[in-house]
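Down below is the structure, laid out as structure tokens.
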Amino acid sequence: MKLLYGLLFLISATASAYDLTDALEGIIYRTGNKIYFKSTGDFQYYKIRPTNAYVNRDIQQLESGDSLEASGYLEKSKSIFHIDSVHFVGLKKILGVWKDQTNNLFQFVNFEKLTVYLRPSTNRVHSMSSDYTPVKSFQYTITPNPSNDWSILINDNLSIQTGNLEFEKNNIKIHFINSETGEITKTVTLQRVF
């Protein structure tokens with residue numbers, strides 16, 4: 001009986017030291033070689049500790065100011081977030097206004113919303129003036145993938161387009177993919193405007 005009570009005590013002490021979590025959302029902060037996560041739920045800072053090589057690879061690609069939704073467990077007494085899986089990311093470097101080859105504008109408003117504007121009859125691309133007509137707003141999600149780049153899902157409530165993001169110095173290439181065949185169907189190159 002003493003053994004049973006001791007075992008129950010040990011289990012309850014271990015469970016209270018770690019809080020399992022379905023998913024936490026927050027912002028990444030880097031200081032030197034240390035990476036921290038500021039939870040949007042409790043506004044606490046946690047040191048990130050990946051639990052496997054895949055998560056480590058995904059976390060290493062993130063920069064300060066990027067958002068992260070991940071699951072794992074919290075070790076609150078030591079302020080550590082042990083991450084088992086990365087669900088979604090928001091990349092700070094994608095935010096802003098970009099133009100395509102035909103001068104249409106793509107505004108990544110935040111980590112979830114993308115608005116596309118058709119170019120005006122003139123070729124002026126210096127501002128988001130009333131000359132541009134908003135065509136459509138989309139929801140988008142970015143996820144890490146095994147080839148060290150990012151996958152993007154773009155949803156307009158009628159259909160979902162999938163693609164891969166390729167970042168260059170001042171450009172982004174979005175390679176849209178046929179979800180059935182895996183083949184690239186179209187590549188859109190975006191150049192930063194502001």
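The values are calculated or read from the model by the stated rules, or taken from the named source; none is laboratory data. These numbers come from a predicted model, not from an experiment. Glycine also receives a Cβ, built like all others from the backbone with ideal geometry; neighbour counts cover every protein chain displayed.
For every residue, the table says whether it meets (1) surrounded by 13 or more Cβ atoms within 10 Å (Cβ to Cβ); (2) at pLDDT 95 or above; (3) hydroxyl-bearing (Ser, Thr, Tyr).
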| position | (1), (2), (3) |
| --- | --- |
| 2 | no, no, no |
| 18 | yes, no, yes |
| 67 | yes, yes, yes |
| 72 | yes, yes, no |
| 86 | yes, yes, no |
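Here 116, 86, 97 are screened, and the one residue that is touching a Pro at 6+ places or on another chain (Cβ under 9 Å) and assigned by TED's automatic domain parsing to the domain that holds residue 156 is 116. Restricting attention to the stretch 48-65 and to residues that are loosely packed, with under 14 Cβ neighbours inside 10 Å and in contact with a helix residue (DSSP H, G or I) (Cβ under 9 Å, 6 or more places away or on another chain), the residue that is farthest from residue 148 (Cα to Cα) turns out to be 64. Scan the stretch 103-121 and tell me whether some residue there is in contact with an Asp or Glu (Cβ under 7 Å, 6 or more places away or on another chain), surrounded by fewer than 16 Cβ atoms within 10 Å (Cβ to Cβ) and more than 20 Å from residue 155 (Cα to Cα). The answer is yes; a qualifying residue exists. Taken over the stretch 46-65, the criterion of being hydroxyl-bearing (Ser, Thr, Tyr) and at pLDDT 95 or above is satisfied by 46, 51, 64. Restricting 88, 111 to residues that are under 23 Å from residue 56 (Cα atoms), in contact with a Gly (Cβ under 6 Å, 6 or more places away or on another chain) and either free of Cβ contacts under 8 Å to residues at least 60 places away in the same chain or in a strand (DSSP E or B) (or both) narrows the list to 111. When residue 79 is tested against (1) in contact with a helix residue (DSSP H, G or I) (Cβ under 8 Å, 6 or more places away or on another chain); (2) on the phi > 0 side of the Ramachandran plot; (3) not assigned by TED's automatic domain parsing to the domain that holds residue 177, exactly one condition is not met: (1). The set of residues in the stretch 146-178 being at pLDDT below 90 and surrounded by 12 or more Cβ atoms within 10 Å (Cβ to Cβ) consists of 149 alone.
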